[in-house]
1. From the C-alpha coordinates alone, can you work out the Kirkwood hydrodynamic radius of the chain, in Å?
2. Within the stretch 40-74, name every residue whose backbone N is under 11 Å away from a label modeled 7 Å from Cα of F29 along the Cβ vector.
3. Rounded if a/c is under 1.5, else prolate if a/b beats b/c, else oblate: with a ≥ b ≥ c from the C-alpha gyration tensor eigenvalues square-rooted, which is the stretch 119-262?
4. Would you list M159, M178, M190 from fewest to most Cβ contacts within 10 Å?
5. Can you classify the stretch 1-130 as rounded, prolate or oblate using the Cα gyration tensor, where a ≥ b ≥ c are the square roots of its eigenvalues, rounded means a/c under 1.5, and otherwise it's prolate if a/b beats b/c and oblate if not?
6. Work out, step by step, the length gained on full extension between H196 and D109: first 0.36 nm times the residue separation, then minus their alpha carbon distance; give nm to one decimal.
7. Considering only H113, F270, F29, whose Cα is most displaced toward the positive end of the charge dipole of the chain, charges sitting on Cβ of Lys, Arg (+1) and Asp, Glu (-1)?
8. Output the antiparallel fraction of DSSP beta bridges having both residues in the chain, as a percent to the nearest 5.
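What follows is calculated from the coordinates using simple rules that are stated; it is not laboratory data. Not measured: the values here are computed from a predicted model. Glycine gets a Cβ as well: all are built from the backbone with ideal geometry, and neighbour counts include every protein chain shown.
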Amino acid sequence: MKPGYDLGYDKALYLLPFDHRHSYVKSLFNFEAPLTAEQTRRVYDSKHLIYEGFLAAIEKGLPHQAGGILVDEEFGADILRDARRRGFVTALSTEQSGSEEFEFEYGADFRRHIESFDPTFAKALVRYNIEGEADLNRRQSGRLRQLSDYCRRSRRRFMFELLVPATTEQLQRLDGDMDAYDRDLRPILMQDTIRHLQNAGIEPDVWKVEGLARRGDCQRVVAAARCDGRDTVGCIVLGRGADATQVRHWLTTAAGVPGFIGFAVGRTTFWDAVVGWQALTGTRSDAVQQVAARLLDWVGTFEAARLANTTDTLAGTTP
């Protein structure tokens, strides 16, 4: 194992992320900053509704040790503290919301904010393409190295949410075909970006990655994440706000690959429920149960696919 790298996380992880801030406030509520006190209350209340959906899923069978939440400090501070008190996995977002470049939400004070909540994971969402702007990548990797080093020193787990947006040049090579980019180029860039960041001294315990359509690409992403003795590093699938059919496909594809330990599906889990509640088309209880049902759907999909792969492996029929 790589010297000094002895954490990792390879247990099942079924995460409900609702740390959305800038896009959440603007797109779901149509609010503009700065928020009024009443607007802040409504956003805060909606985050509690989502958390209530998570707790309802726990009551209905979501595994306590695998279930977790990812939420922001701005609108979810008391949620983070309650979830930690109950023994759930917690993840705290560290990035500045709405920024295309990774910067700390609280600047140089990021360590104190993490320590005040003592989450299971400190999480960073980063848009990073190794064929993109070199100066941007250099600035981002410098900040990410600070976070990674802090997590290693404090023995706190680090979750890296990797988005690999296409560059203009990459899309031109593919005649503007985003489907071709997602299918053929993004998986290669993800693997190369993971290795590039590792070589820059950035060492996540969990990589939160965009869904992949092919099992082989999932295997190669895991191989990159676990290279050179990083044997307990886990990967989880994020939802990208896609429709439920697409999310199920990504989960089914990843679940059969050792190293993919779960998922973090947010908007596809809670968006419709919160929109309906806001529009008064249903009760709060209805919305809570809708969130719970979606979350349990992902769990069932992932576990069934993993079990099927295990059965096929034992029978010697894995494709």
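1. This gives a value of 20.1 Å.
2. Zone members listed by number: 40-48.
3. Values: a/c = 1.83, a/b = 1.20, b/c = 1.53.
In terms of gyration-tensor shape, oblate.
4. Lowest to highest Cβ neighbour count: M178, M190, M159.
5. Taking the square roots of the gyration eigenvalues as a ≥ b ≥ c, the stretch 1-130 is oblate.
6. 28.6 nm
7. H113
8. Bridges in the chain that DSSP calls antiparallel: roughly 5 percent.
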